[in-house]
Amino acid sequence: MNHQPDSKPSVAITGAGICGLCCGVALAQAGHSVTIIERDTALPEGDADAIFFEWIRRGASQFKHPHAFLGVMSNLLSEMFPDLIDDFWAAGARKITFADMLPEPLLHTASMTDEDERLWLLMCRRATMEMVLRRYAERQPGLTLLSGVRVNRAEINTSGPFARIEGLEIQSLGENSAPSNLHADLYIDAAGRGSHFKRWFESAGLHVESESHDAEIVYYTRHYRLREGVDEPPRRGKHRSAGDLGYLKFGVFPGENGHFAVIICVPKADAALHTAVKDNDAFDAICRAIPGLNPWVGEASSVATTDAFGMGNIKAEWHDYVSETGPLVENYFAVGDSAVRTNPLYGRGCSTGIIHSHLLRQVLSEDLSPADRARAFHERSRARLRPIWEASLKEDRAAIKRAHRILEGESDQSFSFKRWLQASLGDAINRASQEYLVVFRGAMRTFNLMEQPGDFLKERKVQLLILWTLLTGGKKNKAARFVAGPDREGMLAELAALEENRAFQDALSSARAAAS
């Protein structure tokens, strides 16, 4: 029996972020009539710099934080929208290839394969990503984008075997605007962590099973631009431009046209560092105290283009909109952060969002009843995304424990066999990935979400190389983990020296003013 009408179901999408735009473009190209509703204002005219500095995106808290398209997303976009990728290159986006990411020991011994061509990143500022995607979406037949429009509520009908959304009450944010109703066959929630649908469902008596785990960090970013004539510092070598000092995580995200961002993540419980990363001078002092960041943020290298700004409420969240008895709402689909949210530190959000959108596009192309369609999307989402989510959660928990040990002053000499074994195995995997191409390639597949987390560790050759490294590496394995930088007490001393210097400069300025 054919469950689909002659024409493709119409679609309403809430949220015109990266996930909503990708989903909308894919469905419009598949023949659906698509309307995207976005609370924030329309994309302004201008180039990437104008968009970055002038566009206000209150609905996307991560808008000015750094992003990257991992291999899984880069390849999906290339295959589905090849002309879109050309637009990214025209806007200055960068392609980071597998060869670019090779560790130094493998530079002159690696033999490239066809698989390696798929292990690449697309990097530019998030504002540039949205600029390119929006302009591409606006050119698509069958896609309408309503900007500056909020969704007040969803009209939910609970009288049938499964609840259905009958329409959305929408309202322009302009003066004297009246609410109106928008109707579609299918409703896709790409509104991210600020989505109201879960609350509306709960109010209608529909319980959503959810998990939420706090990552217990704050995440701060500052943007810079290399000075004229200054080349980008090398990212290989002795001092890495990304790493984990235990009490602090850091990373450089190169963008387009000399722009780059630095992120610093610290535990929420660390009041001293939490206060410091909010201050521009202290943020720069932290960067300059870390050998891997100093070449980027030194006064002769770059100039800051923004203040330091942060993002909190960082959680791993999972929401199930289908229960054992069937879908809560048979014509509703949550994609991206509305359903699956991971710590942005790992850079997986955009890529899991497009995986989710791709799964939905596939499900909607099949001959299924509404309830079976919702079940299929739920089952495929769990199969593909749940392992990624659980791996991210595991990383969060390990980082929380390590940070707490440092804050509580627990000596590195205090012995835990379980912790020693985990650290030794992790060190062996890390060093083996720097020494053996097959291990590095597998790690890159996991990093780029091209396979489920850790699948490469099931390969016999990889297991033998890691075991050999574990048995023979000794102190070299631990050294491969080492990231140069001060310990927490040393970093606090650097910040104290900054404060003393500022106090001296203030006193000097006051004395000069009094003398004049």
- Item | Helical contribution to [θ] at 222 nm, DSSP H n ≥ 4, -39,500 (n - 2.57), averaged over the chain, rounded to 500 | -13000 deg cm²/dmol
- For the stretch 1-151, what size does the Cα cloud have along each of its three principal axes, sorted from largest down, in whole Å? 55, 50, 24
- Note on the structure: When the charge dipole of the chain is computed with +1 on Lys and Arg Cβ and -1 on Asp and Glu Cβ about the Cα centre, the Cα farthest towards its positive end, among I466, T275, L492, belongs to I466
- At most 15 other Cβ within 10 Å, DSSP loop - trypsin sites (Lys or Arg not before Pro), the stretch 164-252: R227, R236, K238
- Task: Would you mind estimating how fast the stretch 272-386 diffuses translationally, via Stokes-Einstein at 4 °C and 1.567 mPa s with the Kirkwood radius over Cα pairs, in µm²/s?
- Result: 74 µm²/s
- Query: If the cut-off is 23 Å between C-alpha atoms, which lysines fall inside it for K401, apart from same-chain ones fewer than 8 positions away?
  - Reply: K249, K268, K315, K418, K478
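May I ask for the Kirkwood hydrodynamic radius of the stretch 216-311, worked out over all distinct Cα pairs and given in angstroms to one decimal? Mind dumping the intermediate values first?
Numbers: mean 1/r = 0.0749 Å⁻¹.
It is 13.4 Å.
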- For the stretch 421-434, take each phi angle, set θ = phi - 60°, evaluate the Karplus expression 6.51 cos²θ - 1.76 cosθ + 1.60, and give the result in whole Hz per residue in order, putting x for glycine and proline. 5, 4, 5, 5, 5, x, 5, 5, 5, 4, 5, 4, 5, 8
- Message: With 10 angstrom as the radius, rank E489, E390, E435 by how many other C-beta atoms surround their C-beta, starting from the fewest.
- Response: E489, E390, E435
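Just rank C22, C287, C350, fewest to most, by other beta-carbon atoms within 10 angstrom. Could the numbers behind the result be given before it?
Numbers: C22 29, C287 20, C350 23.
Exposure proxy ranking, most exposed first: C287, C350, C22.
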- Expressed in angstrom and rounded, the centroid-to-centroid distance over alpha carbons for the stretch 250-301 and the stretch 85-164 is 26 Å
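None of the figures in this text is laboratory data; all of them are computed from the coordinates on show. What you see is a predicted model; the values in this text were computed from it and never measured. Heads up, the Cβs are rebuilt from the backbone with ideal geometry, glycines too, and the neighbour counts pull from every protein chain shown.
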